[in-house]
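The values are calculated or read from the model by the stated rules, or taken from the named source; none is laboratory data. Since this is a predicted model, take the numbers as computed values, not measurements. All Cβ positions, even for glycine, are placed from backbone atoms using ideal geometry, and neighbour counts span all protein chains on display. Heads up: the accessible areas ignore ligands, DNA and RNA and are worked out on the full protein's heavy atoms, side chains in. Shrake-Rupley method; radii C 1.70, N 1.55, O 1.52, S 1.80 Å.
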Amino acid sequence: AADYINQRIQVEIDAWDATSKYPRGHYLKTLGPVGDIEVESTVILLENDICIRPFPPKVLRCLPAVGPNGEWDPTEADTKGRVDFRGGNYRVFSVDPPGCKDIDDALHVRPLGPNRTEVGVHIADVTHFVAPGNACDEEARFRGTSVYLVQRRIDMLPTLLTTDLCSLVG
């Protein structure tokens, strides 16, 4: 018992008899010392049933192929029916905070003439990469949302999509 004083541990409850004050279970692992920010964050995630496991291979197979440095060049089919706001008469700026890795919201403002201004709202569109019913879509439904903690986030979709391909960067 001395090994577990001031430690956060994970246990699994196996049974809880109706006539007992105490559940029966077994030890899974030691998470770390009480008060450690990473350990306490892990406890919060576990207590709230937030999925923290890595994305399974079947989800990663849904992602588009990228070059050795993570670059992806859209094809003509990828850009068909879309407007390219990277330059020209548009000054697009993010409304996400400085240092944000997943820039998924942006605006543009453009004068149209006397007393007229256009304001465009840009929201990252992952549906180009996440087909309905595929493994990536199913995983996103299971996770439900991205979870933001003070020092880290747990993504609903793989990082290639959230911080790279679907981030509104130039």
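Cβ distances below 4.7 Å define possible disulfide partners, and in the chain the cysteines left without one are Cys51, Cys100, Cys166. Give the cross-link partners of Lys101 among the lysines, using a straight C-alpha distance below 25 Å as the criterion and excluding same-chain residues fewer than 8 apart. List returned: Lys58.
For the chain, carbon and sulfur atoms together expose 54% of the accessible surface, with a 1.4 angstrom probe and every protein chain in place. Estimate the FRET efficiency between Asp96 and Glu118 by the formula 1/(1 + (r/R0)^6), using the beta-carbon distance for r and 35 Å for R0, to the nearest 0.05. Computed FRET efficiency for Asp96 and Glu118: 0.95.
To the nearest 10 degrees, how steeply does helix 37-47 sit against the main Cα axis of the chain, on a 0 to 90 scale? Value to nearest ten degrees: 80. Once Rg and the Kirkwood radius are both taken over the C-alpha atoms of region 1-89, their ratio Rg/Rh works out to 1.28.
Pairs of Cα atoms nearer than 8 Å and 6+ residues apart set the relative contact order; for the chain it is 16 percent. Between Val109 and Arg53, the FRET efficiency from the beta-carbon distance, with R0 = 41 Å, is close to 0.45.
A simple count of charges around Pro111, restricted to other residues whose Cβ falls under 11 Å of its Cβ and scoring Lys, Arg +1 and Asp, Glu -1, yields +2. The residues of the chain expose, per residue, 71 Å² of accessible area to a 1.4 Å probe. Listed by chain and number, the lysines placed with their C-alpha closer than 25 angstrom to that of Lys29 are Lys21; residues fewer than eight positions away on the same chain are left out. Quick one: grab the alpha carbon gyration tensor of region 84-170, order the square roots of its eigenvalues as a ≥ b ≥ c, and give me rounded if a/c is under 1.5, else prolate or oblate depending on whether a/b is larger than b/c. Prolate, since a/c reaches 1.5 and a/b exceeds b/c.
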